[in-house]
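S.K.: Attaching a single structure in structure tokens format; questions to follow.
The values are calculated or read from the model by the stated rules, or taken from the named source; none is laboratory data. Keep in mind it's a predicted model, so treat the numbers as computed, not measured. Cβ coordinates were reconstructed from backbone atoms using ideal geometry, including for glycine residues, and neighbour counts include every protein chain displayed. The area values use the complete protein model at the heavy-atom level, side chains included, leaving out ligands, DNA and RNA. Shrake-Rupley method; radii C 1.70, N 1.55, O 1.52, S 1.80 Å.
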Amino acid sequence: MIDPEVYYTRPIALRNPIVFYEGHLPAFSVIALIKRGLGRPGVDDRMEKLFERGIDPDSVDAAVPRSGADTLWPSRDAVLDYGARVDAAIVDALSTAAFDLVGTTHRAMRQGEAIFTALEHEAMHQETLLYMWHRLPFARKIAPAAPRYELGPVPAPARVEIPAGTATLGAARDAIPFGWDNEFGEQRVSVAAFAIDVHSVTNAAFLEFIDAGGYSNRDLWSESGWAWIREERVSHPAFWMHDGGRWYWRGMFEAVPLPESWPVYVSSDEAAAFARWRGCRLPTEAEYHRAAFGTPSGAEREFPWGNEPPDASRGNFDFASWEPVPAGARPAGTSAWGVHDLVGNGWEWTSSLFGPLPGFEPMTSYPEYSAEFFDGQHDVMKGASPATARDLVRRSFRNWFRPNYPYVYAKFRTAAS
Ligand code: AVJ
Ligand code: FE
């Protein structure tokens, strides 16, 4: 899909170049499954060191040099050859490992942990790669088929009142086949009554914020949010482009005259500024759970629509589309309260800082996964985007980014007490 010429470029300055990810997926599987899971030697020490970890700096001009800045990356053939060697080693491990040791000597293999870790990590980076490729110039990409967009009317704004009740965050350790460490344990939270938007905030609504001078009104922004938009001269969503006096959506393959009914993709800082402009706020993680999984009877569901497994009728996820679809276009995914698009069509920003649930324990196959990010500098996102694999669509799944990260497929809605 992409021009080989961009293989060593960084479509997002904060992240590693594309070549890193092609080596990172196999290297990660070796480290999590073969080394930590099964206690066997790795496949290629040099490659496993080079491709072990990504980065999460808070700014491009941080004093610390960007990871990989002075790395001489291997040729693509060498990376692909490494991938093939890893595939063979993984197949061999799965066919011959002494899985009866699970739970005693091989703690990272409890309930197959390290296998799921490798599989879900790859699914996550498929999303990373797609939103990175979204930033590449159109001329560097080949559309697999003529792109088609779903357009539709802007839904009428509406709010729903959700009465006070209980939300269950996380999951009990044995309740799900696999979860990342930050999904455990289970926590019941009392949520006061609140009101929440039935639909995600659309491009049309966000345009009003821009036209009202939202990006130059200091009062609407947090201190760090204001510093970010000033320093990086941010004056519109990263998914928008301005040309000849008109706004366009930066699609994967071409610019699309701004589709008013699509949810706006923004950073948490931009979402919070919009909410303040509207005289309200973002929902908390617990409020998101209540809106998505709660019901008037008090029982909680696995998914907004009920307990049936996710499919394409319920939401725009699992690579169903390169772009968003209009807000409210998947009514079969509506929650018990009539709230649309809580899972799919873009992650949902919450106002909650990423932190551990009670009983948190770093996972053995990847102890760095969450713990390093419990630093008060990351906001929780819930739900799913068009580029989120169906395997990751589950109630307890939690995603997180810095509040000024504008590149991920993330939307929002507003709430009020
Ligand atoms: C959980 C999506 C924030 O993309 O940085 C991938 C996931 N961690 N490899 C990221 C992750 C290590 C992470 N997010
Ligand atoms: Fe990774």
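S.K.: Give the Kirkwood hydrodynamic radius (Å, one decimal) of the stretch 195-338, defined as one over the mean of 1/r across all pairs of different Cα atoms. Before the final figure, lay out the partial values.
M.R.: Values: mean 1/r = 0.0590 Å⁻¹.
The Cα-based Kirkwood calculation yields 17.0 Å.
S.K.: Using only DSSP helix segments of four residues or longer, with each worth -39500 (n - 2.57), what per-residue ellipticity at 222 nm results for the chain after dividing by its residue count and rounding to 500?
M.R.: -7500 deg cm²/dmol
S.K.: Of the heavy-atom accessible surface of the stretch 276-417 (probe 1.4 angstrom), what whole percent is carbon and sulfur? Could the numbers behind the result be given before it?
M.R.: Details: 2350 of 4660 Å².
It is 50 percent, rounded to a whole number.
S.K.: Compute and list, largest first, the equivalent-ellipsoid semi-axes of the chain from the alpha carbon gyration tensor, each √(5λ) rounded to a whole angstrom.
M.R.: So the three semi-axes of the chain are 34, 28, 20 Å.
S.K.: Rank-order 157-165, 15-23 by packing density, defined as the average count of other C-beta atoms within 10 Å over each peptide's residues, highest first.
M.R.: 15-23, 157-165
S.K.: Hey, another quick one. If contacts are Cα pairs under 8 angstrom and at least 6 residues apart, what is the relative contact order of the chain in percent?
M.R.: On the way: 799 pairs, mean separation 79.1, N = 417.
This gives 19 percent for the chain.
S.K.: Run the Debye formula on the Cα coordinates of the stretch 153-222, all scatterers equal and no solvent, and tell me log10 I(q)/I(0) at q = 0.22, 0.25, 0.26 1/Å.
M.R.: Debye intensities relative to I(0), on a log10 scale: -0.93, -1.02, -1.05.
S.K.: When ranked by the protection proxy of mean other Cβ atoms within 10 Å per residue, highest first, what sequence do the peptides 221-228, 401-408, 255-262 form?
M.R.: Descending mean neighbour count gives 401-408, 255-262, 221-228.
S.K.: If the convex hull of the alpha-carbon atoms of the stretch 121-265 is projected onto planes in all directions, what is the mean projected area in square nanometres?
M.R.: 13.4 nm²
S.K.: Arranged from highest to lowest average of other beta-carbon atoms within 10 Å per residue, in what order do the peptides 195-207, 342-354 appear?
M.R.: 342-354, 195-207
S.K.: A further question follows. Quick check: net charge around ALA146, other residues with Cβ under 15 Å of its Cβ, Lys/Arg +1 and Asp/Glu -1?
M.R.: Neighbour charge sum, excluding ALA146 itself: -1.
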